[in-house]
Amino acid sequence: MKRFLLFFLVLFSTTMQAQFSDNFSDLDFTQNPLWQGSDAKFVVNNSGQLQLNDNGATTGSNKAYLATQSQAIMLATWECSLSLKVVLTSANYVRFYLVSDTLDLSSSLNGYFVMLGGTTKEVSLYRQNGLTITKLIDGNDNRLPAAAGYSVHFKS
């Protein structure tokens with residue numbers, strides 16, 4: 001099973017001081033704002049949805065991610081909708097980074113993320129310090145279906 005990570009898929013983040021939002025309705029993630037990372041593995045489809053476009057998604061051990069800069073963090077709200085057409089497992093899961101000290105989400109960093117999937121099919125909150133990952137909020141086991149073809153919406 002191919003390991004992939006999707007970050008900041010559809011992000012709505014607001015604060016009292018700053019605002020950031022991207023729903024990909026312009027059918028582009030290369031400007032306004034600029035998303036960086038494994039950009040060759042993603043497309044914005046005709047419905048304005050960011051989608052992983054990696055034909056090798058069921059083999060190997062690979063990561064795919066996108067990230068963008070934002071100053072919106074204090075008193076922020078993050079909201080994301082995902083349509084999952086794969087079975088999430090311990091090796092095939094989604095990490096949605098709320099904040100990171102680097103745009104390179106594939107290596108050592110300091111930040112927080114929500115993970116969907118894993119062996120317990122849950123949605124949980126984690127803190128990452130370098131390469132050390134600590135679960136902060138343990139979600140309900142079997143919260144996610146064991147089959148592909150469902151949608152998840154979360155707000156933090």
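See the values below:
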{"item": "Residue in region 114-129 that is within 12 Å of the chain's Cα centre (by Cα) and in contact (Cβ under 8 Å) with a residue 60 or more places away in the chain present", "result": "no"}
{"item": "Index of the failed condition, residue 93 passing every other in (1) under 23 Å from residue 129 (Cα atoms); (2) modelled with pLDDT under 80; (3) aromatic (Phe, Trp, Tyr)", "result": "(2)"}
{"item": "Within region 5-57, considering residues that are among the aliphatic types (A, V, I, L, M) and at pLDDT below 50, the one surrounded by the most Cβ atoms within 10 Å (Cβ to Cβ)", "result": "6"}
{"item": "All strands (runs of 3 or more DSSP E) inside region 58-154 with 1 or more residues being buried (at least 19 other Cβ atoms within 10 Å of the Cβ), of a type in the set (Gly, Ala, Ser) and in contact with a Phe, Trp or Tyr (Cβ under 6 Å, 6 or more places away or on another chain)", "result": "109-117"}
{"item": "Selection count, region 104-132, where residues are over 15 Å from residue 93 (Cα atoms) and of a type in the set (Val, Ile, Thr)", "result": "1"}
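The values are calculated or read from the model by the stated rules, or taken from the named source; none is laboratory data. Every value quoted in this text rests on a predicted model; they were computed, and no experiment measured them. Here Cβ is always computed from backbone atoms with ideal geometry, including for glycine, and neighbour counts include all displayed protein chains.
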